[in-house]
1. Out of the residues in region 257-277 that are in contact with a strand residue (DSSP E or B) (Cβ under 6 Å, 6 or more places away or on another chain) and within 16 Å of ligand 4 (Cβ to nearest atom), which is farthest from Met222 (Cα to Cα)?
2. Out of all the residues in region 154-173, is one or more within 16 Å of ligand 4 (Cβ to nearest atom) and either assigned to a strand (DSSP E or B) or in contact with a helix residue (DSSP H, G or I) (Cβ under 8 Å, 6 or more places away or on another chain) (or both)?
3. Any residue that is crowded, with 16+ Cβ neighbours inside 10 Å, within 17 Å of Phe195 (Cβ to Cβ) and either at pLDDT below 95 or within 16 Å of ligand 4 (Cβ to nearest atom) (or both) - is there at least one of those in region 94-111?
4. Which of the residues belonging to region 53-97 are more than 16 Å from ligand 3 (Cβ to nearest atom) and of a type in the set (Asp, Glu)?
5. So in region 156-181, with the set limited to residues that are exposed (fewer than 13 other Cβ atoms within 10 Å of the Cβ) and of a type outside the set (Gly, Ala, Ser), which one is modelled with the highest pLDDT?
6. Quick one: in region 195-207, of everything that is over 15 Å from Glu150 (Cβ atoms) and more than 11 Å from ligand 4 (Cβ to nearest atom), which residue is surrounded by the fewest Cβ atoms within 10 Å (Cβ to Cβ)?
7. Scan region 90-139 for residues that are among the hydroxyl-bearing types (Ser, Thr, Tyr), away from ligand 1 (no atom under 14 Å from the Cβ) and closer than 18 Å to Ile179 by Cα and jot them down.
Amino acid sequence: ISRSSIQGGWVRFHEDMSTDWHRRHLLINELRQAIGTHQLFLCYQPYHDLKTRRTRGAEALLRWHHPEHGFISPGEFIPLAEDSGVIVPLGEWALREACQQTAKWRQGGQPEFTISVNVSLLQLEDPHFADLVAGILATAHLPPSALELEVTETLALRQSGSIEDNIRRLKALGVSLAIDDFGTGYASFSYLRRFPAEKIKIDKQFLDQVPDNHQDAAIVRMIVAMGHSLGAMVTGEGIENERQLAFLAEIGCDYAQGFHLSKPLEQHAMSRYLSHNAVVVSNGQQTPTTL
Ligand code: C2E
Ligand code: MG
Ligand code: MG
Ligand code: MG
């Protein structure tokens, strides 16, 4: 190895590091400023009840259209927002926006439509989070039963009285809790004890190869059975074909979400979607489409 190639390598590494560091800091500041502007918006991905095969609700997913860099994926900006704490105001904005929009859709002819919003553990650590949620629901005139909060195991579990307290108060309020990306974190079972969730969302990676992969199929069956014995509903995430869907229905999974059913839709496309797809409750009862 020549001296120059070592130096070259080091210089390039160094430059990458500083560029990366620079971009991170730039993006974090820009993200902070983007809150509440039209750079940030929500997409909505419907999820289906596997018994009725009809839409039950949707998950709100953040999108960032940067004025110079174009679309920045949540896979890049959500971790930055978590690391910097910007996820707290960002998540609050998403929650408010999703609740206001959901109230409009429910009033516009889909009274059973439910919304799932992703929240960070950093938001749950704020001692006033449950009050914030109650306030947002009241302002939006949305009943707590229309809202579900999805929590992913993204941060190391810290012992925090605030999280337990918020969970207790959110439950008392009537808001549902879902564990997102279940199976990917090393502390999944601790999570189950700590988050008495109404719903468990099985991560896409376990569903990609079902039903052909017998090991994955066994894991998915086990999670569904475990969820049900804990009194929770179970959703399969990232469903991309009919065979996966049929498998989930066959093993008694409750809900499915994925590109095969619908990609995440912008607000107007979601309104159109709702005008053609009646939202139904679990007993198969249909609500009129009068949007
Ligand atoms: P998630 O909550 O697990 O959301 C599911 C992700 O999988 C979404 O990616 C969705 O677009 C994608 N997806 C859904 N169905 C399929 C499928 O059939 N195939 C494939 N390949 N992908 C599918 P997205 O929108 O990029 O979001 C990534 C993650 O960013 C989310 O994962 C969530 O953890 C986080 N996130 C998004 N919005 C928010 C937010 O408002 N707050 C917080 N804290 N996190 C958010
Ligand atoms: Mg989610
Ligand atoms: Mg997920
Ligand atoms: Mg995820």
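The values are calculated or read from the model by the stated rules, or taken from the named source; none is laboratory data. All values reported here derive from a predicted model rather than from experimental measurement. A quick note on method: Cβ atoms are made from the backbone with ideal geometry, for glycine too, and the neighbour counts reach across all protein chains shown.
1. Within region 257-277, the match that is farthest from Met222 (Cα to Cα) is Pro264.
2. yes
3. Taking every residue of region 94-111 in turn, none turns out to be crowded, with 16+ Cβ neighbours inside 10 Å, within 17 Å of Phe195 (Cβ to Cβ) and either at pLDDT below 95 or within 16 Å of ligand 4 (Cβ to nearest atom) (or both).
4. Those that are more than 16 Å from ligand 3 (Cβ to nearest atom) and of a type in the set (Asp, Glu): Glu68, Glu76, Asp83, Glu92, Glu97.
5. Arg168
6. Per the criteria, the residue is Phe206.
7. Correct list: Thr114 only.
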